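Peer 1: This is the structure, below, for whatever I ask next.
What follows draws every value from the coordinates through simple rules; no lab data is involved. Please read all numbers here as calculations on a predicted model, not as lab measurements. Don't worry about glycine lacking a Cβ; one is built from the backbone with ideal geometry, like all the others, and counts go over all protein chains shown.
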Amino acid sequence: MIRIGIICPSEIAFRRFLPALKETKEFVYAGVAVANKEEWFQEEVEQEKADAILGKEREKAEEFQKNYGGEIFDGYEAMLSSDKIDAVYLPLPPALHYQWAKKALSYGKHVFLEKPFATCKKEAMDLIAIAKEKGLALHENYMFVFHDQLAAINEEIESGSIGDVRLYRVSFGFPRRAAGDFRYNKALGGGAILDCGGYTLKFGNLLLGDTAKVVHARKNYTDEFDVDVYGSAVMENEKGDTVQISFGMDNAYKCDLEVWGSKGTLFTGRVLTAPAGFTPNMIIKTQDGEQVKELPADDTFLKSIECFEACVKDADKRVENYKVIERQAELLEEFLELAEK
């Protein structure tokens, strides 16, 4: 039995994480932590304002308790220091990942982090070093990598139906979120490359293999925000295979993979975000016409949690996952360095 708690009563924890957690065999939901005033605010604020904000957080936590049981912990550190917890799920804004993941590791807790794992490679490597020393599991929640549709897409490409691959294009973007969303706040680790852009880098690496590198990168801004709102990049491997990626968080929705071959094209439109039970499809176009093929449905959040479980139980799996996290951090670092030139 692995007793897991949640740092912050976030929407993704309530809507996606806990329903998937219920389907696991080894995890037991132990509770959710609500920040205290010192943990939530970085500067002095009026008590009335603090009470209003933290009161809303507690209301959310009470909904967690009503629907899923578990304890409400008064303060993040109160949860992390508790002997009732073995592991934590941490869905805080990106700029807070390093601080609270490091503290969780210091208390001997395994850590399941929402993407991005960290805002820079240095932070990621520091957390990995601590986890290695203490024999603790780390996991970055890029769920799409576990979807069975990826294997089906690879099989189609390898069948030769579209010929030799000339180019991959990966696009992921969505319309602007509500005012106050952390994605548009620099202090909270906002920015498109740290959000939707990370998916495209991750997928580019899957398509190109371990020798993939970012060879061109661009972050784009608008007058309304001080973070990058959209961007693009080119990735290549040692064989010269190429992935063009594009992403944005003030865009018309796209979640697409296009594979351009010598004899045809393959297209699918829910390659990074297919929800549990959803049946995607792919469109194959050649000179003989167009085919629509059904792809398998899956539950990627459940599979991601099961990967974390394997890392908790198995030292070899932990080491393997450290390398996966490090690889993503390297690609992000390559992108950021090129984008600043």
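Peer 1: I want to check the label-to-label distance for Tyr253 and Asp74. Put each point 7 Å from Cα in the C-beta direction and report it in nm to one decimal.
Peer 2: It is 4.2 nm.
Peer 1: If you find the alpha carbon centre of the range 116-133 and of the range 236-271, how far apart are they in angstrom?
Peer 2: That distance is 29 Å.
Peer 1: Here's something else I'd like to know. With a point put 7 Å past each Cα toward its Cβ, work out how far Ala178 is from Lys122 in nm, to one decimal.
Peer 2: The answer from the label model is 3.5 nm.
Peer 1: Do you know the relative contact order of the range 2-142, to the nearest whole percent, from alpha carbon pairs under 8 angstrom that are 6+ apart? Don't skip to the end; give the middle numbers.
Peer 2: Working: 225 pairs, mean separation 35.5, N = 141.
Contact order relative to length: 25 percent.
Peer 1: Kindly provide the chymotrypsin sites (Phe, Trp or Tyr not before Pro) of the range 138-233 that DSSP labels as loop, not H, G, I, E or B, and whose Cβ sees at most 14 other Cβ atoms within 10 Å. All intermediate terms of the calculation are to be shown ahead of the outcome.
Peer 2: Working: sites: Tyr142, Phe144, Phe146, Tyr168, Phe172, Phe182, Tyr184, Tyr199, Phe203, Tyr221, Phe225, Tyr230; in loops: Tyr142, Tyr221, Phe225.
Passing sites in the range 138-233 are Tyr221.
Peer 1: What percent does the relative contact order of the range 177-255 come to when contacts are Cα pairs within less than 8 Å and at least six residues apart?
Peer 2: Values: 134 pairs, mean separation 24.4, N = 79.
Normalised by residue count, the contact order of the range 177-255 is 31 percent.
Peer 1: Test of understanding: what is the full-extension gain from Lys25 to Gln291, defined as 0.36 nm times their sequence separation minus their Cα-Cα distance?
Peer 2: Working: separation 266, 0.36 × 266 = 95.76 nm, distance 3.97 nm.
Here the answer is 91.8 nm.
Peer 1: Counting only residues 5 or more places away or on other chains, whose amide H sits under 5 Å from the amide H of Asp250 once H atoms are built in the peptide plane?
Peer 2: Excluding prolines and chain starts, which carry no amide H, the hits are Phe174.
Peer 1: Right, something else. Amide H neighbours of Asp298 under 5 Å, counting only residues 5+ apart in sequence or on other chains, H built in-plane at 1.01 Å?
Peer 2: Gly277, Phe278
Peer 1: Just list whichever of Lys219/Lys293; Lys303/Lys323; Lys60/Lys122; Lys66/Lys121 have alpha carbons separated by over 28 Å in the model shown. Before the final figure, lay out the partial values.
Peer 2: Details: Lys219/Lys293 35 Å; Lys303/Lys323 19 Å; Lys60/Lys122 33 Å; Lys66/Lys121 39 Å.
Violating the 28 Å Cα-Cα cut-off are Lys219/Lys293; Lys60/Lys122; Lys66/Lys121.
Peer 1: List, in order, the whole-Hz ³J(HN,Hα) value for each residue of the range 213-224 obtained from phi through the Karplus relation with A = 6.51, B = -1.76, C = 1.60 and θ = phi - 60°; use x for Gly and Pro.
Peer 2: Per-residue couplings from phi come out as 9, 7, 10, 8, 8, 8, 10, 10, 10, 10, 5, 7 Hz.
Peer 1: Only helical DSSP H runs with n ≥ 4 go in: add -39500 (n - 2.57) per run for the chain, normalise by residue count and round the 222 nm mean residue ellipticity to 500 deg cm²/dmol.
Peer 2: Values: 10 runs with 122 residues, N = 341.
Helix-only estimate at 222 nm: -11000 deg cm²/dmol.
Peer 1: Which whole-number percent gives the relative contact order of the range 228-328, counting Cα pairs below 8 Å spaced six or more residues apart?
Peer 2: 14 percent
Peer 1: Now a separate question. Between Lys56 and Asp148, how many nm apart are label points set 7 Å from Cα along the C-beta direction?
Peer 2: Going from the Lys56 label point to the Asp148 one covers 4.1 nm.
Peer 1: Same structure, new question: By the scheme Lys and Arg +1, Asp and Glu -1, what is the net charge of all other residues having a beta-carbon under 13 Å from that of Glu133?
Peer 2: Surrounding charge for Glu133 is +3.
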